Amino acid sequence: MVQNLADLARLHLPVERQAALLLRLQRIVLAFDTLRQLPTEQAPANPPALPPLGLRPDVAEQALPLAQVFANTRHHAAAAFVVPRVVDA
Amino acid sequence: MTTFTTVIGLEVHVQLATASKLFSPAPAAALGEPNTRVHPIDLGLPGVLPRPNAAAVALAVRTALALGGNVQAVSRFARKNYFYPDLPKGYQISQYEEPVSLGGAVPLGDGRQCRLHRIHIEEDAGKLTHTDLGTLVDLNRAGVPLVEIVTEPDLRTPADAHAMLESLREILRFSGVSDCDMELGSMRCDANISLMPQGATTFGTKVELKNLNSLKMVQRALEYEERRQAAVLAAGGRILPETRGWNDEAGESRSQRSKESAPDYRYFPDPDLPPLVLEPAFVEAQRRALGELPAARRERYRSRYGLPAYDAEVLTRDRAIGDWFEAVVAQGIDAKTASNWVMSDVLPSQRERTAPLAEFPVAPARLAELLRLLDGKVLTQVSARAVFRHMLDHEGSAADAMAALGLVRIADDSTLQPLVDAAVIALPAAAAAVLAGKERALDALKGHVMRACRGRADPAVVDSLLRARLEVLRRQGP
Amino acid sequence: MTALWQMPAAAIAAAVRAGHLTAREVVTACLDRVHRVDRGLNAMLGNRSDAALAAARALDEERQRGQALGSLAGVPIAWKDNLVLEGELATAGSRMLEGFRSPYSATVLSRLQRAGAILIGRTNMDEFGMGSSTETSAYGPTRNPFGPDLVPGGSSGGSAVAVAADFCPLALGSDTGGSVRQPAAMCGVSGLKPTYGRVSRYGLIAYASSLDCVGALARTAEDLALWLDATAGADPADPTTVPAQAPVTPHLANRRDLAGLRIGLPAELNGPGLDPEVASAIERAVSQLRELGAQIVECTLPAVAHAVPTYYLLATAEASSNLARYDGVRYGLRRDAVSRCEPMMMQSRSAGFGDEVQLRILLGTFALSFGYHDQYYGQATRARALLCSEFARAFASCELLLSPTSPVPAFPLGSRIDDPLAMYLCDVLTVPASLAGLPALSQPCGFTADGRPIGMQWVAPALREDLLLQVAHVFQAHTDHHLRRPVP
């Protein structure tokens, strides 16, 4: 089960750590199971009311200069980010 | 042998024609050098938040209205979580349980229609290019606004799917929502197809088809898949629920290796975006901005202007064409005449110039002037065309063009009088008819004068000279 | 004679505006103190000395030219390293963002600069805000100046220590489940978590979007009020912000005492499980509040019993999504020499995230996953709504709620870090206000026998920071806990 979650979350869990992590998770989830007892049928429809969604006028602004786009990575070439090959391509 | 009913549903993604992206102010135009249309929001940098675009919402509502959908007063953005290098945040902001529109339908052109399940707004992902160096990521397209249009599985033939897409494209182009160009990627389509054995009550296993890059390709791929599935079922096999990529060169679909049968996207409402509340006034404004849809306009051209179906079809290919045509008619020009000229002269010339109709060198009013001259027989069809071509390249009125081309009306009495006299002598029966009160016979005399001077005589002068000459004749007596 | 580095922000700003003090003097004094004292505390991850002095100089020149200066003119301010400042590093306490420099600034930091504040450096924090002790930072723990080997609380431990150790009068933090209030309590300073949406989150590295609030730590209510007025208000870059409210500073001293104030003491937040010294410090504080004219009323928030699971399920769910962007593709740590993209992402993430972050991502992924989504995430959402309605009911019979901030005072480093669940349960007093989006303030109300600070927490109805600050101001006028400094 932990392996499935790790895959979904793109985390690499070494085999030796999986058992300990699973145990921690299980303890927490078990402790949190009490939440199911809470009678929430009377819960109002919405949590803290958010302000109505304000919409931005459709005006195009200056984009980031290329230098800044790649400022925090060295994995770029020919104005593109480079990643190792995607498998199902 | 069992016969099958083909069942097809489509998922169409359409890029909305906005200036900036859905959640960032970077320019939306996806062309240009890679990664030159990127904002920190599009990069998914730590700390950024989405800023929703008003025009994208407006165009999405217009899309729904144009397709007869029920626009929801409240809808929510949701996060679709998955990992891919073209997805900067590791989730796509889309809509899940509360989309902006439910229902609707796309006409298939023959009275039938394909019902829609829903329409929702979402952001586009970036583009990947696979090379030997690795995979290159361009985020220009990441964040461009899309609407996703999901149909009910109402289509029964690949040809119907093609017709549906053509109709959808026409409606959305007409509405100014998108240019719906599959080659440029502003419209993309995935298809789901299954075969239902006759007599069955449930649909068969559906297969998803991807990599369909043109309307024709959609049809070809569906035809192939229809045959493939029929062959499998005929041989007693089972259809696997899978995604297959269409390979147009090879003319076949191929199974795409996918790890999970149904990926777990863990959708939840995006906490960074309050619910989208659409006031009735706003929706009404979009409906007004939408204006007349192609089908309604075609019907109006047939009934109000009496235009044949073919004309109506051509004039409603584009909202701009119809508007232009109506501007000419508004000048008092006969609808069929205007239509003929738009179809055979204006549109071909405009296509040559590749500029939009709004920038066409001859404005509707100028063409109307020309057509009035034609109608008044000051010009012949041939000379009118010459004048038109001249007006394309030169400023000035039709009259100026006529002068430049040496087609100016002769209006002086000294030149015209002999021609008038000659006409009266040449057509005594017509002259007598006019004197007897048959006004229409004057046309024959006029025509005679016009022919004699190759259409260049001023009709008004000819008219008055003829009447004067006939008056003299009348007084002279039989 | 008060040392420059012991002056409150309000006094510094007034002095700088009046020309009695230069920004340069103040900033130099504070940076000096950092250099002398921080080594043993590790509150600061980086100091912006050159830029800060240049900004101070520029401000002094403005003053000389006769230009009007802002409300925080010359005030040195440190900020938690999960707020981005253009051109500066931002690590969020993680290896994942080691070396990352932001091309843009958080709205909150821009507004402070416009008000004349001088940003002096970044403070240490639990990795991505996930922790209550600043022990999960990839850059070493921060120590509490009130006792050797004590935690300062978390996740804004660095900022709490910066104020407690007098590096600067005001420091920025973020509060998702108590991360400003709890370290404030453990370090003997005051901490304000505003109403959710009152201060822009644009530029705050996200942990849990519906819970994260930018907050501040300081010694005095007045300084917190100045901070709120300078930074609060709608921001088009953050659609969850609310329109600007009336400034709180002008009305801060409106009350002389607490006559007419009804203070609710929720049974669930003032009951069993409290460290006995914490319980008695609150009792003493409540007596003092009574003497000041307040009326104490009982109230109940039954859903508090489920607040911790509710909080952790929602927060980790949102976090699992917010942290998905750290995949090594465009920035951040990337494991080289991996030949396929998906494994590259997995290895990069596992190398960049610490254990606690990975645990919470897994928990959050679980809460959202198919087959469990409604039982866990869905149920937590409903529980949250229930808690909100209970708070509303409670505020029908009182103006403010009061409880301890933390059930325990500062504990020894390393004593709880191996039991995440035990650590989570310590947040029970602070997470309710986070879940309800309500403003809350922690202020010192006493000390343990061995000198560890104890804090009490006020919770007000939405957008009533004015009440929080007025009452805190009154309490500070009649006590001196907030002035007590750690033994140097």
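The values are calculated or read from the model by the stated rules, or taken from the named source; none is laboratory data. Computed from a prediction, not measured in an experiment: that's the story for all the values here. Note that we place each Cβ from the backbone using ideal geometry, even for glycine, and neighbour counts take in every protein chain shown. We work out accessible area using only protein heavy atoms, side chains counted, and drop any ligands, DNA or RNA first. Shrake-Rupley method; radii C 1.70, N 1.55, O 1.52, S 1.80 Å.
Observations on the structure shown:
- Candidates C:Ala246, C:Ala303, C:Ala218: the one that is within 30 Å of B:Phe77 (Cβ to Cβ) and of a type in the set (A, V, I, L, M) is C:Ala303.
- Of all residues in region B:99-114, none are within 14 Å of chain C (Cβ to nearest Cβ), open to solvent by less than 20 Å² (accessible area, probe 1.4 Å) and in contact with a helix residue (DSSP H, G or I) (Cβ under 8 Å, 6 or more places away or on another chain).
- For region B:123-155, the set of residues classified as in a loop (DSSP other than H, G, I, E, B), more than 9 Å from chain A (Cβ to nearest Cβ) and in contact with a helix residue (DSSP H, G or I) (Cβ under 6 Å, 6 or more places away or on another chain) consists of B:Ala142, B:Gly143, listed by residue number.
- Selection over region B:345-355 of residues that are among the small types (Gly, Ala, Ser) and open to solvent by less than 20 Å² (accessible area, probe 1.4 Å) gives a count of 1.
- When each of C:Gly158, C:Gly173 is tested for being more than 14 Å from chain B (Cβ to nearest Cβ), open to solvent by less than 10 Å² (accessible area, probe 1.4 Å), in a strand (DSSP E or B) and within 15 Å of C:Asp81 (Cβ to Cβ), the lone residue that passes is C:Gly173.
- Residue list for region B:89-98, restricted to those being open to solvent by less than 10 Å² (accessible area, probe 1.4 Å) and either of a type outside the set (Ser, Thr, Tyr) or within 11 Å of chain C (Cβ to nearest Cβ) (or both): B:Gly90, B:Tyr91, B:Ile93, B:Gln95
- Members of region B:308-344 that are of a type in the set (Asp, Glu) and either closer than 18 Å to B:Leu392 by Cα or open to solvent by less than 30 Å² (accessible area, probe 1.4 Å) (or both): B:Asp311
- Counting only residues that are outside any loop (DSSP other than H, G, I, E, B), in contact with a Pro (Cβ under 9 Å, 6 or more places away or on another chain) and of a type outside the set (A, V, I, L, M), region C:1-55 holds 4 of them.
- Unmet criterion (only one of (1) farther than 24 Å from B:Arg474 by Cα; (2) among the β-branched types (Val, Ile, Thr); (3) in contact (Cβ under 8 Å) with a residue 40 or more places away in the chain) for B:Val382: (3)
- So C:Glu86, is it surrounded by fewer than 18 Cβ atoms within 10 Å (Cβ to Cβ) and within 14 Å of another protein chain (Cβ to nearest Cβ): yes
- Failed condition for B:Ala430, given (1) touching a helix residue (DSSP H, G or I) at 6+ places or on another chain (Cβ under 7 Å); (2) open to solvent by less than 40 Å² (accessible area, probe 1.4 Å); (3) touching a residue at least 24 places away in the same chain (Cβ under 8 Å): (3)
- Search result, residues across region B:1-30 that are without any contact (Cβ under 8 Å) to a residue 24 or more places away in the chain and either assigned to a loop (DSSP other than H, G, I, E, B) or more than 14 Å from chain A (Cβ to nearest Cβ) (or both): B:Ala29
- Scanning region C:91-106 for residues that are closer than 23 Å to C:Asp235 by Cα, open to solvent by less than 10 Å² (accessible area, probe 1.4 Å) and more than 11 Å from chain A (Cβ to nearest Cβ) yields C:Ala92, C:Ala106.
- Matching option when the condition is closer than 30 Å to C:Asp212 by Cα, open to solvent by less than 70 Å² (accessible area, probe 1.4 Å) and without any contact (Cβ under 8 Å) to a residue 40 or more places away in the chain, among B:Pro274, B:Pro263: B:Pro274
- Region B:381-404, residues that are assigned to a loop (DSSP other than H, G, I, E, B) and either open to solvent by less than 70 Å² (accessible area, probe 1.4 Å) or of a type in the set (Asp, Glu) (or both): B:Glu395, B:Gly396, B:Ser397
- Tally, over region B:33-48, of residues that are more than 9 Å from chain A (Cβ to nearest Cβ) and open to solvent by 10 Å² or more (accessible area, probe 1.4 Å): 2
- Residue in region C:29-37 that is open to solvent by 50 Å² or more (accessible area, probe 1.4 Å), closer than 25 Å to C:His482 by Cβ and at pLDDT 95 or above present: yes
Yes or no, residue by residue, for (1) under 21 Å from C:Asp223 (Cβ atoms); (2) open to solvent by less than 20 Å² (accessible area, probe 1.4 Å):
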{"residue": "C:Pro8", "(1), (2)": "yes, no"}
{"residue": "C:Ile12", "(1), (2)": "yes, yes"}
{"residue": "C:Arg17", "(1), (2)": "yes, no"}
{"residue": "C:His20", "(1), (2)": "yes, no"}
{"residue": "C:Val27", "(1), (2)": "yes, yes"}
{"residue": "C:Ala43", "(1), (2)": "yes, yes"}
{"residue": "C:Asp50", "(1), (2)": "no, no"}
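- Qualifying residue in region C:305-316 (condition: facing chain B (nearest Cβ under 10 Å) and either in contact with a strand residue (DSSP E or B) (Cβ under 6 Å, 6 or more places away or on another chain) or not charged (D, E, K, R) (or both)): yes
- Residue selected from region C:477-488 under the condition open to solvent by 20 Å² or more (accessible area, probe 1.4 Å) and assigned to a helix (DSSP H, G or I), by the criterion nearest to C:Leu252 (Cα to Cα): C:Ala477
- Residue satisfying condition, being within 14 Å of another protein chain (Cβ to nearest Cβ) and modelled with pLDDT of 90 or more, within set B:Ala230, B:Ala285, B:Ala262, B:Ala250: B:Ala285
- Scanning region C:408-421 for any residue that is in contact (Cβ under 8 Å) with a residue 24 or more places away in the chain and within 12 Å of chain A (Cβ to nearest Cβ) turns up at least one such residue.
- In the set B:Arg456, B:Arg467, B:Arg440, only one residue is within 48 Å of the chain's Cα centre (by Cα) and either closer than 30 Å to B:Leu405 by Cβ or open to solvent by less than 30 Å² (accessible area, probe 1.4 Å) (or both); that residue is B:Arg456.
- Complete set of residues in region C:320-366 that are crowded, with 19+ Cβ neighbours inside 10 Å, within 12 Å of chain B (Cβ to nearest Cβ) and among the β-branched types (Val, Ile, Thr): C:Val329, C:Ile361, C:Thr365
Quick grid of which residues meet (1) assigned to a loop (DSSP other than H, G, I, E, B); (2) of a type in the set (Gly, Ala, Ser):
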site: C:Met96; (1), (2): no, no
site: C:Pro103; (1), (2): yes, no
site: C:Val108; (1), (2): no, no
site: C:Arg111; (1), (2): no, no
site: C:Gly116; (1), (2): yes, yes
site: C:Arg122; (1), (2): no, no
site: C:Met125; (1), (2): yes, no
site: C:Ser132; (1), (2): yes, yes
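- Check on C:Thr241, within 14 Å of chain B (Cβ to nearest Cβ), modelled with pLDDT of 95 or more and crowded, with 19+ Cβ neighbours inside 10 Å: yes
- Condition check for B:Ala295: surrounded by fewer than 20 Cβ atoms within 10 Å (Cβ to Cβ), at pLDDT 95 or above, not in a loop (DSSP other than H, G, I, E, B) and not basic (Lys, Arg): no
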